[in-house]
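Read through the structure below, which is laid out as structure tokens, and then see the notes.
The values are calculated or read from the model by the stated rules, or taken from the named source; none is laboratory data. What you see is a predicted model, and the numbers here were worked out from it, not measured in a lab. Cβ placement follows ideal geometry from the backbone for every residue including glycine, while neighbour counts extend to all protein chains displayed. These area figures cover heavy atoms from the full protein model, side chains too; ligands, DNA and RNA do not enter into them. Shrake-Rupley method; radii C 1.70, N 1.55, O 1.52, S 1.80 Å.
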Amino acid sequence: MKTLIKNGTVVTGGKSFRADVLVSGETIERVGTDLCTEADRVIDAEGCYVMAGFIDTHTHFDLDLGTTVTADNFPTGTRAAVAGGTTTVLDFATQDRGMTMQEALDLWHKKAEGSSCNYGFHMAVSEWNGDRIAEIRPMVDQGVTSFKMYMVYDSMRVDDGAMYDALKRTADLGCIIGVHCENYYLLQQKIRECREAGLTGPTAHPLSRPDIVEGEAVGRLMRIAQLAGTPAWVVHLSTEAGLEEARRAKARGQEIYLETCPQYLVLDDSCFSEPDGAKYVMSPPPRKKADQDALLDALGKDEIDFIGTDHCSFTMEQKALGKDDFTKIPNGGAGTQNRAQLVHTAAVRTGRITIEQMAELLSGNAAKVFGMYPKKGLIAEGSDADIVIFDPAAEETISYRTNLHNCDNSPYEGMHTVGKARDVLLNGELVVQNGTVIRTGTGRFVFRGKSLRPNR
Ligand code: URP
Ligand code: ZN
Ligand code: ZN
């Protein structure tokens, strides 16, 4: 089966140029001007960008918190993801205490059956001991080359020594570790202060996690990575305070990777006062306008490497588990479908980043850092035919009613966006046409290799 994408502007590898793209089977066969060839299908991309399929570096599908399970599983979450132009999600397989990484990986492979986009797994690790250390290499041998550790959440957090040791032991294997950076003890104290002040609702959530709670933790991770002599990846960076710590580490010569999320670019903490404020309870929380501005500025300066969504959806009924106690509101929001349209609207159309930067932030950089390049993250001969045809003029007002997430709320409800995925090819097959998902369940596991570590 040959598909010819004609008349579009290819945006890839930091450049844009007019070119046609010929797909043969699952692979890009040729990129060039006026490709006159016999094709089984011709797609006219006039007025659109032709980009490497987007990679969502951060999703939580079918995640069991103990009190409740995320509203989206892999079939629903990946259907929404691909509708938004995401052809690969990197979900967090989670090794709960008392479980091996292998058990977690096997479980996540089962959960991911029936996915509508391609998927890989980071392994979230809740304990660090001889047994877990022995599992790192088998994970690498099975295509899992990135890990996450948490500084908070009672059931997941590990101490600084564990992080230091994990960083040291994994870097030589070509792995990268991401850390959820918040200061656990400051957070506990701030929660106590909120309770003493009689604050029980969603507005207490950002008060209990001020920017310094993240900033201190990012600074600490930077020093831990410096001591280990390894790269580190800060997941869901949300504050200027954290950004400044990362800048200091980079100025010392450290190799640091930063991820932020759309919620930290388009939402601010005034949202918590809305009647359905619980839907915004996610960690870290949306911040101040000054933080938004600092992150947008950093995106424009190529100081941030990728934008993932941290999609972790809960219905309003689930959010109501914390109606009398904000610490019991399940943390997270729905967003994997909306990432590209939000970034295009809030960052490209406002002139904060270029369309070429958007392509790298949504796909190219992640493919490199997470061991998928040049098969993914690039429009070039020989690359996988995971392709998005992105219409920069398409308008939409986001609503949970039209989103494909299995969720009755959206943090972006009512936001007007300009720019949207029109058509998507997944493994060479047309799966989204004119914004409608026309083929489901064909996503595959992405076996990832060593991190290319482009910031070295
Ligand atoms: O609130 C969030 N982000 N929930 C998902 C877990 C995490 O910390 O990434
Ligand atoms: Zn996290
Ligand atoms: Zn997360």
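What residue, of Asn338, Asn409, Asn331, Asn365, is under 20 Å from the mean Cα position of the chain (by Cα), within 14 Å of Val82 (Cβ to Cβ), touching a residue at least 40 places away in the same chain (Cβ under 8 Å) and open to solvent by less than 50 Å² (accessible area, probe 1.4 Å)?
So the residue among Asn338, Asn409, Asn331, Asn365 that is under 20 Å from the mean Cα position of the chain (by Cα), within 14 Å of Val82 (Cβ to Cβ), touching a residue at least 40 places away in the same chain (Cβ under 8 Å) and open to solvent by less than 50 Å² (accessible area, probe 1.4 Å) is Asn338.
State yes or no: is Gln189 in the same structural domain as Arg137 (by TED's automatic domain parsing), in a loop (DSSP other than H, G, I, E, B) and surrounded by fewer than 22 Cβ atoms within 10 Å (Cβ to Cβ)?
no
For every residue, the table says whether it meets (1) open to solvent by 40 Å² or more (accessible area, probe 1.4 Å); (2) over 30 Å from Trp108 (Cα atoms); (3) not charged (D, E, K, R).
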| site | (1), (2), (3) |
| --- | --- |
| Met1 | yes, yes, yes |
| Leu4 | no, yes, yes |
| Thr12 | no, yes, yes |
| Thr33 | yes, yes, yes |
| Cys36 | yes, yes, yes |
| Tyr49 | yes, yes, yes |
| Ala52 | no, no, yes |
| Val82 | no, no, yes |
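Could you list all residues from the range 22-75 that are under 26 Å from Gln337 (Cα atoms), part of a loop (DSSP other than H, G, I, E, B) and among the aliphatic types (A, V, I, L, M)?
Those that are under 26 Å from Gln337 (Cα atoms), part of a loop (DSSP other than H, G, I, E, B) and among the aliphatic types (A, V, I, L, M): Ala45, Leu63, Leu65, Ala71.
Quick one: Ile133 ticks every box in (1) surrounded by fewer than 16 Cβ atoms within 10 Å (Cβ to Cβ); (2) in contact with a Cys (Cβ under 9 Å, 6 or more places away or on another chain) bar one, so which box is it?
Condition not satisfied by Ile133: (2).
Just to verify a result, which residue in the range 247-268, among those that are touching a strand residue (DSSP E or B) at 6+ places or on another chain (Cβ under 6 Å) and among the charged types (D, E, K, R), is least open to solvent (accessible area, probe 1.4 Å)?
So the residue we want is Glu259.
Just wondering, is there one or more residues in the range 83-94 that are in contact with a strand residue (DSSP E or B) (Cβ under 7 Å, 6 or more places away or on another chain), among the aromatic types (Phe, Trp, Tyr) and over 30 Å from Thr3 (Cβ atoms)? Give the derivation first.
We begin by selecting, within the range 83-94, every residue in contact with a strand residue (DSSP E or B) (Cβ under 7 Å, 6 or more places away or on another chain); these are 83-94.
Then keep just the ones that are among the aromatic types (Phe, Trp, Tyr); that gives 92.
Of the ones still in play, those that are also over 30 Å from Thr3 (Cβ atoms) are 92.
Yes - at least one qualifying residue is present in the range 83-94.
Mind telling me which of the residues Glu303, Glu274, Glu244 ends up being away from ligand 1 (no atom under 16 Å from the Cβ), closer than 25 Å to Ser410 by Cα, open to solvent by 10 Å² or more (accessible area, probe 1.4 Å) and in the same structural domain as Gln357 (by TED's automatic domain parsing)?
Values: Glu303 fails: closer than 25 Å to Ser410 by Cα; Glu244 fails: closer than 25 Å to Ser410 by Cα.
The unique qualifying residue is Glu274.
Scan the range 147-165 for residues that are touching a helix residue (DSSP H, G or I) at 6+ places or on another chain (Cβ under 8 Å) and either hydroxyl-bearing (Ser, Thr, Tyr) or open to solvent by 40 Å² or more (accessible area, probe 1.4 Å) (or both) and jot them down.
Of everything in the range 147-165, those that are touching a helix residue (DSSP H, G or I) at 6+ places or on another chain (Cβ under 8 Å) and either hydroxyl-bearing (Ser, Thr, Tyr) or open to solvent by 40 Å² or more (accessible area, probe 1.4 Å) (or both) turn out to be Arg157, Asp160, Tyr164.
Tell me, which helices (runs of 4 or more DSSP H) lie completely within the range 86-170 with 2 or more residues that are more than 29 Å from Gly215 (Cα to Cα) and touching a residue at least 40 places away in the same chain (Cβ under 8 Å)?
So the answer is 101-111.
Taking the condition within 15 Å of ligand 1 (Cβ to nearest atom) and touching a residue at least 12 places away in the same chain (Cβ under 8 Å), does Leu187 pass?
Yes.
Kindly establish whether Thr417 is open to solvent by 30 Å² or more (accessible area, probe 1.4 Å) and among the hydroxyl-bearing types (Ser, Thr, Tyr).
When the stated conditions are applied, Thr417 does not pass them.
Give me the residue from the range 306-333 that is among the aromatic types (Phe, Trp, Tyr) and in contact with a strand residue (DSSP E or B) (Cβ under 9 Å, 6 or more places away or on another chain) and, out of that set, nearest to ligand 1 (Cβ to nearest atom). Walk me through how you get there before you give the answer.
So the first thing to find is which residues in the range 306-333 are among the aromatic types (Phe, Trp, Tyr), and the list is 306, 314, 326.
Those still in the list that are in contact with a strand residue (DSSP E or B) (Cβ under 9 Å, 6 or more places away or on another chain) too: 306, 314.
Working: Phe306: 15, Phe314: 9 Å.
Among them, the one singled out is Phe314.
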